[in-house]
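Asks: Attaching a single structure in structure tokens format; questions to follow.
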Amino acid sequence: MEAKRGRFIVFEGIDGAGKTTQIELLAKHLRACGRAVYCTAEPTESVSGGLLRDALSGVSRRTVCEMAAMFVFDRIHHNVNPVNGIQKMLADGFDVICDRYYYSSMAYQGSGTDPEWVGNMNLGCPEIMRPDVCIFLDLTPAQSMERINRGRATQEIYENEEKLTQVRNQFYRVFEQLRERDNIQIVDAYRSVEEIHNDIAKLTDQILKI
Ligand code: TYD
């Protein structure tokens, strides 16, 4: 018998929003409801993901357009790779939870180059699937910097307050643009881990009709 297709859930947020913690808690919640869950992230662990990480850490210098194209390549591979790609896992009945997706490209690269071009490359690509829901963990840039400075030894190229402000504003523009196309849920992330998780669990239970 064929497995029932799983749901595709994306988490987004500016750096420091707490995606990792909330993804773990949601995965636990969904598993407790009897669902099979597969967690994944972008940039991926593949060769293209490695190139992106070098660029993000500043080890290699890339233009914004190079980065945007590399993220698209990484994302296509993430969708279609036959071993554990998003489409394969969904078809096998797993709910796929993905840490960052095309909304990040549209916000991060879109705020550094032509946002329409970045959007078209992602939204117009037949091999990049639309998620069932995008959960945006929202923090102000000041709240985000406070968490980054508290928790980490190294910083990436986007982790300063000016850049985070630009990126957050661009996320909001993207959500406005995609309002009728995608299911986007904005969650206040400057609260306790439990409060945030309870909201997300309620939201996904409704959306996924568990
Ligand atoms: P990483 O430290 O791996 O994850 P996070 O900050 O989410 O815990 O960093 C991912 C970085 O990649 C983050 O700064 C955002 C950036 N990014 C883009 O610029 N464009 C994209 O399309 C994606 C997926 C990520």
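Asks: How large is the helix-only mean residue ellipticity at 222 nm for the chain, computed as the sum of -39500 (n - 2.57) over DSSP H runs with n ≥ 4, divided by its residue count, in deg cm²/dmol to the nearest 500? Walk me through the intermediate numbers first.
Replies: Values: 8 runs with 101 residues, N = 210.
Roughly -15000 deg cm²/dmol at 222 nm, from the helical runs in the chain.
Asks: Right, here's the next one. Convex hull volume of the Cα atoms in region 44-176, per residue, in Å³? Walk me through the intermediate numbers first.
Replies: On the way: hull volume 16.0 nm³, N = 133.
Hull volume normalised by residue count: 120 Å³.
Asks: Past the 23 angstrom mark, what percentage of all C-alpha to C-alpha distances in region 1-111 do you count? Let's see the in-between values first.
Replies: Working: 1976 of 6105 pairs.
Tail fraction, whole percent: 32.
Asks: With each pseudo-label sitting 7 Å past Cα toward Cβ, what's the GLU66-ARG152 distance in nm, one decimal?
Replies: That separation, rounded to one decimal, is 2.1 nm.
Asks: Take the alpha carbon gyration tensor of region 105-210, find the square roots of its eigenvalues, order them as a ≥ b ≥ c, and report rounded if a/c is under 1.5; if not, report prolate when a/b exceeds b/c, else oblate.
Replies: It is oblate, given that a/c is not under 1.5 and a/b is not larger than b/c.
Asks: Would you please name the trypsin sites (Lys or Arg not before Pro) within region 9-106 that are DSSP coil residues with at most 10 other C-beta atoms within 10 Å of their C-beta?
Replies: Working: sites: LYS19, LYS28, ARG31, ARG35, ARG53, ARG61, ARG62, ARG75, LYS88, ARG100; in loops: ARG35, ARG61, ARG62, ARG100.
Passing sites in region 9-106 are ARG61.
Asks: If I model a spin label as a point 7 Å beyond the Cα along the Cα-Cβ vector, how far apart are those points for GLU24 and VAL193 in nm?
Replies: 0.6
Asks: From a point 7 Å beyond the Cα of VAL59 in the direction of its Cβ, which residues of region 132-172 have a backbone N at a distance under 20 Å?
Replies: 152-159
Asks: Also, quick follow-up: Could you give the accessible area per residue of region 24-71, probe 1.4 Å, as a whole number in Å²? Walk me through the numbers before you get to the answer.
Replies: Working: 2620 Å² over 48 residues.
Computed with neighbouring chains in place, this is 55 Å² per residue.
Asks: Give me the percent of accessible area attributable to carbon and sulfur for region 55-210, probe 1.4 angstrom. Intermediate values should be presented prior to the final figure.
Replies: Details: 3860 of 7740 Å².
Answer for region 55-210: carbon and sulfur cover 50 percent of the accessible area.
Asks: Rounded to two decimal places and with Rh computed the Kirkwood way over Cα pairs, what is Rg over Rh for region 66-126?
Replies: Working: Rg = 12.5 Å, Rh = 12.2 Å.
Here Rg/Rh amounts to 1.02.
Asks: I want to check a number: in the chain, how many lysine pairs have alpha carbons closer than 16 Å, given a sequence separation of 8 or more or different chains?
Replies: Going through the chain pair by pair, I get 4.
The values are calculated or read from the model by the stated rules, or taken from the named source; none is laboratory data. Being a predicted model, the structure only gives us computed values, none of them experimental. FYI the Cβ positions are ideal-geometry reconstructions off the backbone, even for glycines, and counts take in every protein chain you see. The protein model used for the area step is the full one, side chains on, heavy atoms only, and it has no ligands, DNA or RNA in it. Shrake-Rupley method; radii C 1.70, N 1.55, O 1.52, S 1.80 Å.
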